[in-house]
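Below: the structure, in structure tokens.
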């Protein structure tokens, strides 16, 4: 059968990324507490396509995914990238895997446990000999508005917010560590299960730690800057305002100083 | 050219709804303040397909939409339904049109104006001589938790919520009336633009009107039951809890008592 | 601490459904090939709230979810419902659990295996002594337009479609059986991994089995009607038309004849 | 009343973007055929926040939006940016406005007209004296697989795809021009309304113009490179494969050669 994809192309245009997008696959990922956690990933897999080839071979991406979905960790992530690059005979390859990740979390007073969902993402690239991996996590939090507290005789508007951090992975860190840093940088964390004594605790804690989206981003940034493992990262906070139908938003990025 | 759709079908299965789904179209809708408002609608159009026909003619639905998109009101809505039924030679027809609808709203203290978005929906059916129209609206509100307020020394968790009402349309009412009923039944309304004095007002108002999702549904239901124009309706409230990553939810439906 | 939820309410309004919506939880579900499959569920849990109570106790729903997430099957589904009803002291309870479910599928010619995702849903209710369970599944398929094939000298437009079936569960059936019925009722099934010989096979198969959304719904309905286990069900097909930016849609429902 | 936002912050962290996200607003945008088109925009507005200030003033963004929503064009877009920068006393400002945009389109044979939706986006930045504007458009198309056609005796799988172009705006071009370039670079365009003779035409045209996602990106890129108005742009094509439940994807970016 003719291999149309391998035919020559004459338009002289390299394509930065060619591949498959949005494939959903069951996957086992590294888990601090239990070694492995079964989840459902959404995966994008791309290669660089030199100008002389007409197309890429989509099925080979899925074959690689098939081979590695049983055990995703930092080592196998780069093995996947290597395999994609080799199998597609490409100068560069990209891999993005995002998945819901659950951590068992204890309520602050009652100590009851429940599973809390965080959205995680591995984004990596291999380009010639260069390899890079970014790890991202989205953490729901509670924020209480400092302005509203200050100007009101009682109460203060508060809301669910979502804090996203993406960090270049150079030295090992756990997703659980990033989550801990973020949750301690908001007015309060968010839980799946809270008893009444926990609700009281969280309500009062949030009231005593009023924070703008700006504050949350700065708190997280400040902590990450003090940890030498984090050399390049972005921090984003979005508050789903309880008094508006839109979000308050803050974002920053930190890169190593060039000398 | 052969008309495949009109060929006979032998499986002896009537289809309750056949047509087009999710078409997006520019539309002018009836507006209380300005007579007409330009918006972008998402439209589903269906007919009943008797078992003897193989298929329906999709393009005819779009022709009807084309003819009526310049002026959607309650009269033309039923004209559209009649036209669909006739043009598709069908015993029954359904029409669902949902659209963002903006109402100019004044902040409670400063009086500054801004546009607030509500999602509206017309859902109608014509079946032989019977015709029915339901009007729905989704209204974002602020709710403050009565339990959290009661048990905490200071503050109370609050959050954005979404209240949805769907009502059988028999006697005329404005969408603006439904919105007003809903917004007065929550801890506070939600605004696009608030100055600092408004934020103070709303924070304090919400703190003084703590309401569960259950309370909001009961308040709205209570008001609608007292208005003879509303004989059949559903009320739903979903709170995007600021201390959880899931929603608190309440729902009820009211139908005329059968005697 | 005061139990605000248990306080009396004087508005005299029963609420049909009160509870939590959209909680995401890791879950093990029954799997035909491997006994159990780990997935991530989205869960709604409601009770009926009699008019005399102010509110429900949201945390108890999550406690039940916690207790049962390790092993969801048809037996434990009803145990969950019983437990919710009892723990919340309610006359009726509802439970909706939807989750991605993967089935290993072989390509039609090469025989290569890959995992295919289907969205499943259990929806159940317990009301006094009455208990009901509906099982739903959404299956992506390929449909090729009979009209386009008929009128064109070559080719025919085809596209991805989504077929949804919801069936009252009275006698045991596997999700895998429903999926098989649906996939054999479209122009072709859809796969995560296809080699070139499979792509040829599927292209030609689809061209030889042209089907409207109407045909797909009738094929599925016809097969389910002939199986005595399916007494009450709905069938829906939505084609994401390749020549339009909207969908073609067909739907029907079948209920036992009343005598 | 105390202005909490203007208080000093001591963490010494600049924030790249602070503002409001996801506000929905009615808007009139420039339209080639009718001068103005009413639409509903989703808007993000940000400023750079120097490290010494605790927070930004969210309400001022909405005031600017209020002032300009009646007439959005390229001139007023930069006026908005200037106003945001000035009103928030910021060194830099960002503005992103995305909206559904409708163009009247004639079917290829019958000539019947209908409205086709495209998603447009203006993304601009003002940083000191530097000002930049990118214009983006997403265009649904039909693509037919060259490999499937080549290897199959009859037919070829085809599907809806979405092509996205983002271009730096330096010299004037119409959105309609970009749309035209993209629609002529796929197997076929997509329409809201087609009569049977149009469906025949499009089916045959697509069969005679088989294109991978890779081909679509190269065709568009080739045409844009030949037009001196486009100096910096990205092109992306995503095919919602009719034989898979995931997408085929291609992407490239073109920047002026540095000398």
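The values are calculated or read from the model by the stated rules, or taken from the named source; none is laboratory data. Small disclaimer: the values here were computed from a predicted structure and weren't measured. Here the Cβ positions follow ideal geometry from the backbone for every residue, glycine too, while neighbour counts run over all protein chains shown.
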Exercise for review: Go through the stretch C:237-259 residue by residue and tally those that are modelled with pLDDT of 95 or more, within 21 Å of residue C:221 (Cβ to Cβ) and part of a loop (DSSP other than H, G, I, E, B).
Suggested key: 0
Practice item. Hey, can you tell me all the residues within the stretch D:188-219 that are at the interface with chain C (Cβ under 9 Å from one of its Cβ atoms) and either surrounded by 24 or more Cβ atoms within 10 Å (Cβ to Cβ) or assigned to a loop (DSSP other than H, G, I, E, B) (or both)? Key: D:188, D:190, D:191, D:192, D:193, D:194, D:199, D:202, D:203, D:206
Check your understanding: Of D:70, D:90, which residue is over 21 Å from residue D:21 (Cβ atoms) and outside the structural domain of residue D:166 (by TED's automatic domain parsing)?
Key -> D:70
Check your understanding: Is it the case that residue A:245 is within 10 Å of chain D (Cβ to nearest Cβ) and under 18 Å from the mean Cα position of the chain (by Cα)?
Key -> no
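So, in the stretch C:38-61, how many residues would count as being at the interface with another protein chain (Cβ under 8 Å from one of its Cβ atoms) and under 21 Å from residue A:38 (Cβ atoms)?
3
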Point to revise | Residues located in the stretch A:19-37, provided they are within 21 Å of residue D:161 (Cα to Cα), touching a helix residue (DSSP H, G or I) at 6+ places or on another chain (Cβ under 9 Å) and within 11 Å of chain C (Cβ to nearest Cβ) | key: A:20, A:23
Practice item. Take residue B:170 and decide whether it is assigned to a helix (DSSP H, G or I) and more than 14 Å from chain A (Cβ to nearest Cβ). Key: no
Revision key, fill the gap. Matching residues in the stretch D:1-13 (farther than 11 Å from residue A:212 by Cβ and within 7 Å of chain A (Cβ to nearest Cβ)) number 4
Practice item. Out of C:136, C:124, C:128, report the one residue that is under 28 Å from residue C:231 (Cβ atoms) and either within 11 Å of another protein chain (Cβ to nearest Cβ) or modelled with pLDDT under 95 (or both). Key: C:128
Study note, to complete from the structure: Selection from the stretch A:1-16 of residues loosely packed, with under 12 Cβ neighbours inside 10 Å and touching a residue at least 24 places away in the same chain (Cβ under 8 Å) yields A:8, A:12
Check your understanding: Of all residues in the stretch C:175-187, how many are without any contact (Cβ under 8 Å) to a residue 60 or more places away in the chain, touching a strand residue (DSSP E or B) at 6+ places or on another chain (Cβ under 9 Å) and either facing another protein chain (nearest Cβ under 7 Å) or closer than 22 Å to residue C:109 by Cβ (or both)?
Key -> 5
Exercise for review: Please work out which residue is nearest to residue D:39 (Cα to Cα), limiting yourself to the stretch D:92-103 and to residues that are touching a helix residue (DSSP H, G or I) at 6+ places or on another chain (Cβ under 8 Å) and free of Cβ contacts under 8 Å to residues at least 60 places away in the same chain.
Suggested key: D:95
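Kindly provide the set of residues from the stretch D:106-116 that are touching a residue at least 24 places away in the same chain (Cβ under 8 Å) and under 14 Å from residue D:183 (Cβ atoms), ordered by number.
Listed by number, the residues that qualify are D:107, D:108, D:116.
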Point to revise | Residue check, residue C:128 touching a residue at least 40 places away in the same chain (Cβ under 8 Å) and within 29 Å of residue C:97 (Cβ to Cβ) | key: no
